[in-house]
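Report on one structure; see the data block that follows.
Laboratory data are not the source of any read-out in this text; all were calculated from the coordinates shown. None of the values given here were measured: they were computed from a predicted structure.
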Amino acid sequence: MTGTSSVDGRAFRRETERVVNEVAQGVRTLDDGASWFSGLSPAGRQEVLREVGGYAMQAHITAADGRAGVARSGVKPTANPSVMICMEPPRYGFAGLPADEHLKAFRVLVSVFIVADTRRRETRCKDTCTHPWHNLPTATRNHDNGCSSARALVA
């Protein structure tokens with residue numbers, strides 16, 4: 001994202017946040033999110049990996065969240081991003097992985113974030129959540145993801 005204005009950077013972060021929320025809440029599939037991610041420039045993919053890694057840190061992911069997320073990500077448990085996220089404590093730095101690992105890293109990070117943020121939402125926001133990012137329109141959600149949630153700034 002070098003060479004972009006701060007306005008462009010904020011817009012890109014908002015778009016990333018929107019896409020991750022939509023995947024997390026079943027408005028988009030993980031494959032749809034991965035297609036969006038794949039269409040970004042190499043620098044854009046690195047920026048997204050940094051952002052989503054930050055989301056995961058804010059959700060206080062655990063090694064158990066890592067294992068559950070990897071299982072739903074479609075990425076082999078032996079792939080570098082899978083191993084990194086399942087360590088205790090989880091390792092970050094996904095943007096520094098070779099470019100051919102970025103898509104796997106995106107799938108793993110988003111999947112793990114969904115697990116961790118859903119856990120936090122069920123314990124910290126249960127029945128009282130007013131966070132707009134946890135309350136996307138239910139009419140557009142896919143049935144298999146239910147009320148999973150995601151947001152850059154976890155309460």
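Odds and ends about this structure:
- Rounded to the nearest whole Hz, the Karplus-based 3J(HN,Hα) values (6.51 cos²θ - 1.76 cosθ + 1.60, θ = phi - 60°) of the range 17-33 follow the sequence 4, 4, 4, 4, 4, 5, 5, 4, 9, x, 6, 10, 7, 4, 4, 4, x, with x at glycine and proline.
- Amide H contacts for Leu40 (H built 1.01 Å from N in the peptide plane; partners 5 or more residues away or on another chain; cut-off under 5 Å): none found.
- Residue-by-residue Karplus 3J(HN,Hα) for the range 57-70, coefficients 6.51, -1.76, 1.60, Hz, glycine and proline x: 4, 5, 7, 6, 5, 10, 4, 5, 4, x, 5, 5, x, 4
- What the phi angles of the range 115-123 give under the Karplus curve with 6.51, -1.76 and 1.60, with θ = phi - 60°, is a coupling list of 4, 5, 5, 4, 4, 5, 5, 6, 9 Hz, glycine and proline written as x.
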